[in-house]
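Working notes for the structure below.
The values are calculated or read from the model by the stated rules, or taken from the named source; none is laboratory data. Computed from a predicted model, the values in this text were never measured in an experiment. Neighbour counts are summed over all protein chains in view; Cβ atoms, including those assigned to glycine, are modelled from backbone coordinates with ideal geometry.
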């Protein structure tokens, strides 16, 4: 009995961890500006055990989340970002505590440097899980969330993971560092003006 109570307490504490929010503080993305944000969902596979959902039900939530997260950067260099939804499993109602599956999605990410005419990332695969709340940790999100809520949550987590990934690449590899030629043009324009 004591073990069961300690597991229950751990699940509640785990669920209390902060969930991904739409309006989280921006990352350091240097001179990044999204020219186009592409979302492709039409070939997504629904995996076994998943709640039924059409691939096109993902398009609008993913576009909204990507625009909220990456559309807010107003750097001087344009990049195209594409995300393809490859597959998903929306957690069905399970048996509380014994079988409480989490929803998951797999996406491929592409980042294209418009000025440099080159791909920075090509088909980088990511596996994204839904956030856990105190309630969903115990009974599973299939009981505590609607299908639309599961899709919205995963769409936001996808956008969050893509934003974190490109911020990490900028930090490690200087993906969005200002280019000298573009900096010189900006300085000359301000001097002439």
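For every residue, the table says whether it meets (1) over 21 Å from residue 58 (Cα atoms); (2) under 13 Å from the mean Cα position of the chain (by Cα); (3) modelled with pLDDT under 95; (4) assigned to a strand (DSSP E or B).
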site	(1), (2), (3), (4)
111	no, no, no, yes
123	no, no, no, yes
131	no, yes, yes, no
135	yes, no, yes, no
138	yes, no, yes, no
143	no, no, yes, no
151	no, yes, no, no
157	no, yes, no, no
Starting from residues that are exposed (fewer than 12 other Cβ atoms within 10 Å of the Cβ) and either in a loop (DSSP other than H, G, I, E, B) or in contact with a helix residue (DSSP H, G or I) (Cβ under 8 Å, 6 or more places away or on another chain) (or both), keep the ones in the range 43-68 and report whichever is modelled with the lowest pLDDT. 48
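Just to be sure before I move on: is residue 87 part of a loop (DSSP other than H, G, I, E, B), modelled with pLDDT of 95 or more and touching a strand residue (DSSP E or B) at 6+ places or on another chain (Cβ under 9 Å) in the structure I sent?
Numbers: part of a loop (DSSP other than H, G, I, E, B): no; modelled with pLDDT of 95 or more: yes; touching a strand residue (DSSP E or B) at 6+ places or on another chain (Cβ under 9 Å): yes.
For residue 87, the condition - part of a loop (DSSP other than H, G, I, E, B), modelled with pLDDT of 95 or more and touching a strand residue (DSSP E or B) at 6+ places or on another chain (Cβ under 9 Å) - is not met.
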The one condition in (1) assigned to a strand (DSSP E or B); (2) out of contact with any helix residue (DSSP H, G or I) (no Cβ under 8 Å at 6 or more places or on another chain); (3) without any contact (Cβ under 8 Å) to a residue 60 or more places away in the chain that residue 79 fails to fulfil: (3)
Across the range 13-24, which residue is modelled with the lowest pLDDT among those that are under 16 Å from the mean Cα position of the chain (by Cα) and over 13 Å from residue 68 (Cβ atoms)? 18
Residue 103 versus (1) surrounded by fewer than 18 Cβ atoms within 10 Å (Cβ to Cβ); (2) in contact with a strand residue (DSSP E or B) (Cβ under 9 Å, 6 or more places away or on another chain); (3) more than 30 Å from residue 179 (Cα to Cα); (4) touching a residue at least 24 places away in the same chain (Cβ under 8 Å): which is the lone unmet condition? (1)
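Taking residue 37 as the residue in question, decide whether it is surrounded by 12 or more Cβ atoms within 10 Å (Cβ to Cβ), in a loop (DSSP other than H, G, I, E, B), at pLDDT 95 or above and at negative phi.
Details: surrounded by 12 or more Cβ atoms within 10 Å (Cβ to Cβ): yes; in a loop (DSSP other than H, G, I, E, B): no; at pLDDT 95 or above: yes; at negative phi: yes.
Judged against the criteria, residue 37 is not a match.
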